Amino acid sequence: MLTNEAVLNALRNVMDPDLHQDLVSLGMIKDVKVDGDKVSFTIELTTPSCPLKSKIENDARQAVLSLTEAKEVEINMSAQVRTPKAVTIDQNQFKHVIAVGSGKGGVGKSTVSVNLALALAQDGAKVGLLDADIYGPNIPRMLGIDRLPENVTGGKIPLAEIHGMKVMSIGFLVQNGQPLIWRGPMLHSAIQQFITDFDWGDLDYFIVDLPPGTGDVQLSLSQTLPLTGAVIVTTPQQVAIDDAARAVGMFEKLEVPILGIVENMSYLIMSDGSKLAVFGTGGGEHLASRTGITFLGRIPLDPEIGQGGDIGSPVVLLDETNPSAQAMREVARKVAAEASIKAHEAKGQG
Ligand SMILES: Nc1ncnc2c1ncn2[C@@H]1O[C@H](COP(=O)(O)OP(=O)(O)OP(=O)(O)O)[C@@H](O)[C@H]1O
Ligand SMILES: [Mg+2]
């Protein structure tokens, strides 16, 4: 006769390919029910953006169907973002803090940040996006929002909300085109206030768009919030790669784990579907393998990405078949998977 125990034993043979442990010992299997030859259960993933979702579901189904008595399997896929220690600051709770940085300016950090945040929110995660580029805040334009809502309660300051995520940028507080000149301590307290004084609530992913380089903002952020990790954006050109390597060195010095490297503006998709490597090939991947860092993927050089940034309509909002939207979404899911892996490793150490 088919029992819950037999089902669980079968599922002990199914590995999470990222976490290298079986689904049962990872505590991902919930609500097992057996009714005659019918089995149902829930698989609770560590992120709604899991890139291996359908593989895990398939493997689990096959494992249960390998029991001769089982004829029908119903699997409910769910997700609960896990972390060994969520950071709670002033009633705001952040499960994963992910900074997006680069050495060189203009390589696409803000573009990647916006699309990454949005893709995670589209998958069902609770997401906040902080524009920490206090010298050149571009997020307002990229999302088509220019102000915070009115603070009627007088409590924590409400954030701008768009496409299901919360957003803060210094751009909401200063007039268009005004330059911002900050000195170290002022800048540090600004970063702290962005985190503590605003109503972020409970977030699965807090995405922070950094200014270029290896300076004060990076330092302040890493001193204010323990980061799950950093995502490094580069373009294929050697000068960008050189600067990305410097950014890698900086995060290592600050003891911030690196989730991976994204190569942006990798290639142009030609009208016949072929790819033209405008700035050369393999730079980002080579840097990743040289430094032992995960390569998160390539994003095409695409006028739709650029225009999307200009008109406040990020490319992941385009339909699912759009190649640039797909590339962004794949990178986002890889980032989520890497964050889950880092959290799992940290748990192992703790
Ligand atoms: N893959 C892409 N295809 C086309 N245009 C892109 C792509 N990525 C970014 N852009 C455009 O390039 C410009 C620079 O991108 P973005 O502002 O994201 O870079 P950044 O690294 O954040 O810059 P900064 O260092 O100034 O903060 C923007 O106009 C953006 O729309
Ligand atoms: Mg930027």
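The values are calculated or read from the model by the stated rules, or taken from the named source; none is laboratory data. Note that the structure is predicted; figures quoted are calculated from it, not measured. Note: ideal-geometry Cβ built from the backbone for every residue, glycine included; neighbour counts use all protein chains shown.
Considering 232, 207, 241, the condition of being in a helix (DSSP H, G or I), in contact (Cβ under 8 Å) with a residue 24 or more places away in the chain and out of contact with any Pro (no Cβ under 7 Å at 6 or more places or on another chain) is satisfied by 241 alone.
Yes or no: residue 31 closer than 25 Å to residue 345 by Cβ and touching a residue at least 40 places away in the same chain (Cβ under 8 Å)? Spelling it out, it is not the case that residue 31 is closer than 25 Å to residue 345 by Cβ and touching a residue at least 40 places away in the same chain (Cβ under 8 Å). State yes or no: is residue 283 small (Gly, Ala, Ser), over 30 Å from residue 26 (Cβ atoms) and modelled with pLDDT under 95? When the stated conditions are applied, residue 283 passes them. When residues in the stretch 159-186 are screened for being within 19 Å of residue 134 (Cα to Cα) and either surrounded by 10 or more Cβ atoms within 10 Å (Cβ to Cβ) or not assigned by TED's automatic domain parsing to the domain that holds residue 197 (or both), 16 of them pass.
Filtered by the rule that a residue be in a loop (DSSP other than H, G, I, E, B), surrounded by fewer than 12 Cβ atoms within 10 Å (Cβ to Cβ) and of a type outside the set (Gly, Ala, Ser), the stretch 7-39 gives a lone residue, 20. Number of residues in the stretch 256-292 that are exposed (fewer than 15 other Cβ atoms within 10 Å of the Cβ) and among the acidic types (Asp, Glu) equals 1. If I go through the stretch 98-108 residue by residue, how many of them are in a strand (DSSP E or B) and of a type outside the set (A, V, I, L, M, F, W, C)? Residues flagged as in a strand (DSSP E or B) and of a type outside the set (A, V, I, L, M, F, W, C) within the stretch 98-108 amount to 1. Residues in the stretch 78-97: is at least one assigned by TED's automatic domain parsing to the domain that holds residue 310 and either within 16 Å of ligand 2 (Cβ to nearest atom) or assigned to a helix (DSSP H, G or I) (or both)? No.
Among the residues of the stretch 187-204, at least one is touching a Pro at 6+ places or on another chain (Cβ under 7 Å) and either within 12 Å of ligand 1 (Cβ to nearest atom) or of a type outside the set (A, V, I, L, M, F, W, C) (or both). For residue 153, the stated conditions do not hold, so it cannot be described as under 24 Å from residue 263 (Cβ atoms) and polar (S, T, N, Q).
Here residue 272 meets each of (1) over 30 Å from residue 86 (Cα atoms); (2) in contact (Cβ under 8 Å) with a residue 24 or more places away in the chain; (3) not aromatic (Phe, Trp, Tyr) with one exception, condition (2). If you go through the stretch 169-186 and keep only what is more than 16 Å from ligand 1 (Cβ to nearest atom) and either under 18 Å from residue 99 (Cα atoms) or acidic (Asp, Glu) (or both), you end up with nothing. In the stretch 210-229, the residue that is farthest from residue 248 (Cα to Cα) out of those that are assigned to a loop (DSSP other than H, G, I, E, B) and more than 16 Å from ligand 2 (Cβ to nearest atom) is 225. Quick check, is residue 148 touching a helix residue (DSSP H, G or I) at 6+ places or on another chain (Cβ under 6 Å), more than 16 Å from ligand 2 (Cβ to nearest atom), outside any helix (DSSP H, G or I) and closer than 22 Å to residue 89 by Cα? Against the criterion (touching a helix residue (DSSP H, G or I) at 6+ places or on another chain (Cβ under 6 Å), more than 16 Å from ligand 2 (Cβ to nearest atom), outside any helix (DSSP H, G or I) and closer than 22 Å to residue 89 by Cα), residue 148 qualifies.
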